Amino acid sequence: MKRVYSTTVLSLLHLTLFAQAGSSLSYMYRPGDIIHRYGIEDFCIGTKGENQIWDYSSLRTDSKDFIVEYTSDKDNDDIVVEISNGTRYYYAQDSTAIRNVGYENNNIAVEFDRPETVLVFPLSFGNKRAGAFHGSCMYCEEVMARDFGTYSVEVDGKGKLLLPDGKVLDKVYRVHYTKDNCRIAYDDIHTTKELVEYINKTHYLSNDSIATLTANQDNCYRHTEVYKWYAEGFRYPIIEAIVYGKNDNGWNNTIAYYYPPDEQEKLYDTENERTRSLCTNGDNVTDSKNDESDSYDNKSNDGSLPYTIENGKNSFVIHTSVRNAEIYVDALLSDISGVVLRRASGNSDSPIIIDCTGLISGEYAIRITIGEKIYERKVHYNNK
């Protein structure tokens, strides 16, 4: 099915133009990369938290090579396509997150008008994003359905990773992704156009209504957990574990993969090569500049930060504390799922005003770029 990206998705694509150099670029998917991964036998998830030592020195892998390939979408160069296990996954990415905007294979095609966040930046312990996703779905070019649900993605662990070849990786971050989704099929709708028209005419699903419908397990419901271990100096995860479903005895149906570091080192990746070189030489590599960013979980202004945010009348007013220079400042306001809603920019010697007219009261996120540094903060807007 021909992919026609919605206004929401296109607004996310425009963010790629403003992605700044920094830790997020080290982990973004790249067209042209081919990754080798191997199945892991009897994998144990381990624990979360800081200062962890995940000892996988004795893990066993099978000999079959599962290849993951990344390429560009022929209809839109801003979309990166992941080809894995016979399925094509479509991603939009920027300096704050990687988002799934759809996927397809021989049996099904799904296109999200409300994308699903699968990875958050920066990879700093405690960084978390939660939200809802929604899209249209077509089975075998005949049955039309809605595909929707809720997700949560969190960097829930930080520590060292002990690998079977004797290698020890420092500054490893574990990303824990949780997804609940369901589908509603329509017997009397037969084309994507008819489904979109039906959705537009009916009440569009809000975050709350999606959560309520997803929690009703009488629908076609599925729960998935994904764990990924990322190490500084490597673009793709070192270990990935996918856990499907729940039963009375806990988790079941676990599939795990090992992405050998020596295979990733064969990629032409100058940014990560430099990071690995610094680590090898024993230099003090910073935490991917994570300390330069203020995560979404920070709820109050910190005097050590070079800006303050004030609630104005139907607006947010940003004051920067940069002295002795005029620096370009750019501010983006998005909902918690990452959809960009407003933008304002100017110089550091003047307030930056984000107009919030028309927005409903609730939680939002502001991304502020001051020169080459990026700061992110969760804010509450009250529509008085």
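Laid out as a table, the results:
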| read-out | value |
| --- | --- |
| Conditions (1) touching a Ser or Thr at 6+ places or on another chain (Cβ under 6 Å); (2) closer than 20 Å to LYS228 by Cα: number failed by PHE66 | (1) |
| Qualifying positions in region 359-384 - open to solvent by 70 Å² or more (accessible area, probe 1.4 Å) and part of a loop (DSSP other than H, G, I, E, B) | ILE360, GLU372, ASN382, ASN383, LYS384 |
| Breaking point among (1) open to solvent by less than 80 Å² (accessible area, probe 1.4 Å); (2) closer than 19 Å to ALA241 by Cβ, for TYR90 | (2) |
| Residue that is modelled with the lowest pLDDT [pool: residues in region 58-81 that are under 17 Å from ILE239 (Cα atoms) and open to solvent by less than 30 Å² (accessible area, probe 1.4 Å)] | LEU59 |
| Where TYR198 falls short, out of the listed (1) in a strand (DSSP E or B); (2) over 25 Å from GLY362 (Cα atoms); (3) hydroxyl-bearing (Ser, Thr, Tyr); (4) free of Cβ contacts under 8 Å to residues at least 60 places away in the same chain | (1) |
| Among (1) touching a residue at least 24 places away in the same chain (Cβ under 8 Å); (2) within 19 Å of the chain's Cα centre (by Cα), the one test that PHE66 misses | (2) |
| Count of residues meeting criterion [surrounded by 13 or more Cβ atoms within 10 Å (Cβ to Cβ) and modelled with pLDDT under 85] in region 247-260 | 1 |
| Count - residues of region 140-183 that are over 25 Å from the mean Cα position of the chain (by Cα) and of a type in the set (A, V, I, L, M) | 5 |
| In region 261-273, the residues that are farther than 12 Å from ALA231 by Cβ and either among the aromatic types (Phe, Trp, Tyr) or open to solvent by less than 20 Å² (accessible area, probe 1.4 Å) (or both) | TYR268, ASP269 |
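Yes or no, residue by residue, for (1) exposed (fewer than 15 other Cβ atoms within 10 Å of the Cβ); (2) out of contact with any Lys or Arg (no Cβ under 7 Å at 6 or more places or on another chain); (3) within 30 Å of GLU111 (Cβ to Cβ):
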| site | (1), (2), (3) |
| --- | --- |
| ARG129 | no, yes, yes |
| ALA132 | no, no, yes |
| TYR139 | yes, yes, yes |
| GLU142 | yes, yes, yes |
| ASP147 | no, no, yes |
| LYS158 | no, yes, no |
| LEU161 | no, yes, no |
| PRO164 | yes, yes, no |
| LEU169 | no, no, no |
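The values are calculated or read from the model by the stated rules, or taken from the named source; none is laboratory data. Predicted model only: the values in this text are computed from it and were never measured. Here Cβ is always computed from backbone atoms with ideal geometry, including for glycine, and neighbour counts include all displayed protein chains. We work out accessible area using only protein heavy atoms, side chains counted, and drop any ligands, DNA or RNA first. Shrake-Rupley method; radii C 1.70, N 1.55, O 1.52, S 1.80 Å.
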